[in-house]
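Shown next, in structure tokens, is the structure this report addresses.
The values are calculated or read from the model by the stated rules, or taken from the named source; none is laboratory data. Since we're looking at a predicted model, the values are computed, not measured. Cβ coordinates were reconstructed from backbone atoms using ideal geometry, including for glycine residues, and neighbour counts include every protein chain displayed.
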Amino acid sequence: MLLHLAPWTLGLALVLSAVLPFAVKPWLTRWGIIDIPSDRSSHSRPVLRGMGLAVAIALVVTYAGALLTGLIPVDRSIALAVLAMTAAAAALGWAEDYRGVSIGVRLAVQGLIGALGTAALIVTLGIPAWWWPVGVAATVAYINIANFMDGINGVSGLHGAVVGLFYAWAGGVNDMPWLVCAGLALAGAFLGFLPWNLGRGTVFLGDVGSYVLGGAVAATAIGAFLSGVYVEYLLPPLLVYLADTAVTLVLRIRRGEVWYRPHRQHVYQRLTDAGLSHVQSALVVTAASVLVSVISVAGLRANGAGSALAGLAVVLVLVAYLVSPAVLTHARPRARSERS
């Protein structure tokens with residue numbers, strides 16, 4: 001299934017995402033959608049943001065094309081609900097980039113996206129309604145988590161690629177073409193964006209990009225979970241993002257800070273403060289996500305003791321990631337003193 005669908009779904013999303021910025025960039029310049037650096041930014045000069053519009057178009061067009069051309073022969077109602085949630089999240093992010101939206105309105109619309117999308121999935125699948133608030137909370141949470149974590153070049157592009165490919169594989173294992181196509185479209189769209197985010201003429205995803213990432217991941221995960229896919233296939237690629245956001249949020253609240261204001265206290269940001277480049281920090285996040293995912297799948301296929309060891313290994317990887325800025329900060333002065 002993966003070999004059959006990948007050339008069309010992954011390939012089309014990647015090509016569209018790589019080419020569309022040529023058309024989108026002049027419009028972003030004309031509209032003045034520019035990110036001005038502040039003391040909390042990870043960049044030092046004004047940069048065009050909102051290029052996630054190209055990524056969103058690539059993702060939505062590719063997934064809609066998979067539906068229209070019959071690449072998704074069954075469970076089409078599930079795919080349609082996931083597509084609608086993804087497109088709605090992208091539209092909200094674009095509204096924030098283009099004109100600005102208050103925090104209250106953003107949260108309300110995110111909740112509405114989760115409420116309507118999850119309700120459609122529940123009705124389609126005929127499952128108990130008690131999962132409805134879980135879907136709403138998951139949608140709101142992950143859209144914001146993806147937005148919080150989109151602070152350095154490459155991190156969101158790599159996250160979309162890893163989660164998308166892992167979900168596509170989960171779809172193949174569980175014989176779900178809609179999930180395969182959703183994962184491949186997600187991976188292709190964010191892989192195609194990477195050259196634009198990492199090259200000389202760097203541009204940013206903006207809220208439209210981080211919102212479509214969070215919305216697509218949440219919608220796909222909710223649809224897959226409600227369809228009976230084991231959580232061990234769905235949660236592991238997200239654990240690093242979840243751990244980074246949760247720990248940072250708790251520490252900020254304990255210090256009496258306003259939790260939703262911009263800051264530079266996430267683990268991936270502190271890694272750059274400790275001396276890593278944007279790409280190096282993004283690769284640390286990605287490597288940890290891949291490692292956690294591989295260990296989790298191995299644990300799913302192991303016996304009782306093997307599963308317990310896999311769980312322990314996942315916890316150790318997450319702890320290692322969370323303390324990595326402190327370790328790197330402590331090690332660098334020592335290395336410099338030894339060289340001198």
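A few points about this structure:
- Hits in segment 124-136 (condition: closer than 17 Å to Ala81 by Cα and in a helix (DSSP H, G or I)): Thr124, Leu125, Ala129, Trp131, Trp132, Pro133, Val134, Gly135, Val136
- Exactly one residue out of Val61, Val19 is modelled with pLDDT of 95 or more, under 20 Å from Tyr167 (Cβ atoms) and part of a helix (DSSP H, G or I), and it is Val61.
- Unique match (being closer than 27 Å to Ile295 by Cβ, in contact (Cβ under 8 Å) with a residue 40 or more places away in the chain and in a helix (DSSP H, G or I)) among Leu121, Leu158, Leu165: Leu158
- Filtered residues of segment 139-148 (kept if touching a Gly at 6+ places or on another chain (Cβ under 7 Å) and either farther than 13 Å from Val109 by Cβ or among the small types (Gly, Ala, Ser) (or both)): Tyr142, Ile145, Ala146, Asn147
- When Thr220 is tested against (1) more than 30 Å from Leu179 (Cα to Cα); (2) of a type outside the set (D, E, K, R); (3) assigned by TED's automatic domain parsing to the domain that holds Ile57, just one condition goes unmet, and that condition is (1).
- Selected residue (only one of Ala141, Ala161, Ala168 is surrounded by fewer than 21 Cβ atoms within 10 Å (Cβ to Cβ), among the small types (Gly, Ala, Ser) and modelled with pLDDT of 95 or more): Ala141
- For segment 224-340, no helices (runs of 4 or more DSSP H) sit wholly inside it while including 2 or more residues that are touching a His at 6+ places or on another chain (Cβ under 6 Å), assigned by TED's automatic domain parsing to the domain that holds Phe166 and modelled with pLDDT of 90 or more.
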